[in-house]
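Encoded as structure tokens, the structure appears first; notes follow it.
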Amino acid sequence: MSLIHIQGLSKHFKILNRREGLTGAFKDLFSGDFRTVKAVDGISFDIDAGEIVGYIGPNGAGKSTTIKMMTGILKPTDGTILINDHVPYTNRIKQAQIMGVVFGQRTQLWWDLPVIESFKILKEIYKVDQKTFDRHMDMFNELVGLKALYSQQARTLSLGQRMLCDITASFLHNPQVVFLDEPTIGLDISVKAKIRSVIKELNRERNTTIILTTHDLGDVEALCHRIIIIDKGKILYDGDIKKVNALFGAYRTIKVQINDFNENTIASLKNKLTERFGKDHGIIVAETEEFWTDVTIDQARTPLSDVLGFVMSNFAVSDVRIVEISMENVVQQVYDGALG
């Protein structure tokens, strides 16, 4: 039996179509003009105990809404959701005993208390016995030297230190499943490596099921064997990470800063690339910020060096960066059938 069972799960929101201005705001008080937004639209999957699953997609795809339903915060519009054979929103207190949650932008620590006092409060809330608590804290101290932070107030911690403490807190009561929402957002490489090693060790040591939502594809590659890609409320792909890794490895994104950038630059670049490399060149061009253009390349079809050389010889390029493929481009490749 799966630890998490989801079948035909949907969550729809009614949104008022608002009008502009003071007069429009007054009319909206009596308006019945609503539209339905399908945040999650009939998704189904099962997750077994001990799995680490990457649940990814662009902003607004439905990831956080799904997590909120799995943790019992939201009630579904339709469908079935079972966590350990229980409906999460019918008995949230009982379900909280088997769950841990980390939100990258929020903390469960008490802002003005020393870190160790927050852990002690959570120990009492979750009724963790002293022996288990001590063993847990010793393990984290061994992994990341957490003891050095015990006396610091939560508000004085750096972002990386706070994330390590929040992950510690989420595993404190030895939950069966932990939801990690952007656990490495805004962190430097060394802290990301620590957090990834902690997650791996806890999964190995305790067979904890972990659901990871992130925009950092490095987190997914480092931690997950299975990946679920969602967009516009629907699942696009659910399967082995190896197949997606092949996609990550084949694609690279070049960010180029073009001088004298204007409204015709993107169209001109697209046309010139098509003339040079043909229609089936596997290159996606998009403006991402002022004067910067993203050129995403499928190296299986077109060598990166050829594209970079061509762009630099045909446009006044003042700067170049090579970055990981973005989440939006991964989703675009799935739509285009790159994962079959």
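The values are calculated or read from the model by the stated rules, or taken from the named source; none is laboratory data. Note that this is a predicted model, so its numbers are computed, not measured. We place every Cβ from the backbone using ideal geometry, glycine too, and count neighbours over all the protein chains shown.
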Note to self: Whether any residue in the range 84-94 is assigned to a helix (DSSP H, G or I), surrounded by fewer than 20 Cβ atoms within 10 Å (Cβ to Cβ) and touching a strand residue (DSSP E or B) at 6+ places or on another chain (Cβ under 8 Å) is what I want to check.
What the structure shows: yes
Selection from the range 1-36 of residues under 30 Å from residue 81 (Cα atoms), assigned to a loop (DSSP other than H, G, I, E, B) and among the basic types (Lys, Arg) yields none
The number of residues in the range 293-326 that are surrounded by 15 or more Cβ atoms within 10 Å (Cβ to Cβ) and in a strand (DSSP E or B) is 7
Among 103, 34, 133, the single one that is loosely packed, with under 13 Cβ neighbours inside 10 Å and in the same structural domain as residue 200 (by TED's automatic domain parsing) is 34
The helices (runs of 4 or more DSSP H) lying entirely within the range 184-290 that contain at least 1 residues which are surrounded by 15 or more Cβ atoms within 10 Å (Cβ to Cβ), among the charged types (D, E, K, R) and touching a residue at least 12 places away in the same chain (Cβ under 8 Å) are 189-206, 217-223, 265-277
Picking from 21, 54, the residue that is farther than 14 Å from residue 233 by Cα, of a type in the set (Gly, Ala, Ser), in the same structural domain as residue 125 (by TED's automatic domain parsing) and without any contact (Cβ under 8 Å) to a residue 60 or more places away in the chain would be 21
Note: among 169, 148, just one is assigned to a helix (DSSP H, G or I), under 24 Å from residue 129 (Cβ atoms), among the small types (Gly, Ala, Ser) and more than 17 Å from the chain's Cα centre (by Cα), namely 169
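Per-residue answers, yes or no, for (1) assigned by TED's automatic domain parsing to the domain that holds residue 51; (2) among the aliphatic types (A, V, I, L, M); (3) modelled with pLDDT under 80; (4) touching a helix residue (DSSP H, G or I) at 6+ places or on another chain (Cβ under 8 Å):
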site	(1), (2), (3), (4)
213	yes, no, no, yes
239	no, no, no, no
280	no, no, yes, no
283	no, yes, no, yes
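The rows are residues; the columns are (1) under 16 Å from residue 10 (Cβ atoms); (2) out of contact with any Phe, Trp or Tyr (no Cβ under 7 Å at 6 or more places or on another chain).
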site: 31; (1), (2): no, yes
site: 47; (1), (2): no, yes
site: 50; (1), (2): no, yes
site: 55; (1), (2): no, yes
site: 58; (1), (2): no, yes
site: 64; (1), (2): yes, yes
site: 67; (1), (2): yes, no
site: 72; (1), (2): no, no
site: 78; (1), (2): yes, yes
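For (1) in contact with an Asp or Glu (Cβ under 9 Å, 6 or more places away or on another chain); (2) closer than 18 Å to residue 210 by Cα, each residue gets a yes or a no:
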| residue | (1), (2) |
| --- | --- |
| 13 | no, no |
| 17 | yes, no |
| 26 | no, no |
| 51 | no, yes |
| 57 | yes, yes |
| 71 | no, yes |
| 91 | no, no |
| 97 | no, yes |
| 103 | yes, yes |
Pairing a residue in the range 85-111 that is over 22 Å from residue 202 (Cα atoms) with any residue that is of a type in the set (D, E, K, R) and part of a helix (DSSP H, G or I), where Cβ atoms lie under 8 Å and the two sit 6 or more apart in sequence or on different chains, gives 86/94; 110/117; 111/155
Restricting the range 113-129 to residues that are farther than 11 Å from residue 151 by Cα and not in a helix (DSSP H, G or I), the one farthest from the chain's Cα centre (by Cα) turns out to be 129
The condition of being modelled with pLDDT of 85 or more, assigned by TED's automatic domain parsing to the domain that holds residue 218 and closer than 20 Å to residue 218 by Cβ holds, among 187, 109, 180, only for 180
Per the list (1) of a type in the set (D, E, K, R); (2) touching a residue at least 12 places away in the same chain (Cβ under 8 Å); (3) surrounded by 12 or more Cβ atoms within 10 Å (Cβ to Cβ), residue check on residue 27 breaks on (2)
Query raised in the report: Does residue 263 fit the bill of being within 30 Å of residue 314 (Cα to Cα) and either in contact with a Cys (Cβ under 8 Å, 6 or more places away or on another chain) or of a type in the set (Asp, Glu) (or both)?
Result: yes
Quick check on residue 78: is it over 21 Å from the mean Cα position of the chain (by Cα), among the charged types (D, E, K, R), modelled with pLDDT of 85 or more and surrounded by fewer than 17 Cβ atoms within 10 Å (Cβ to Cβ)?
yes
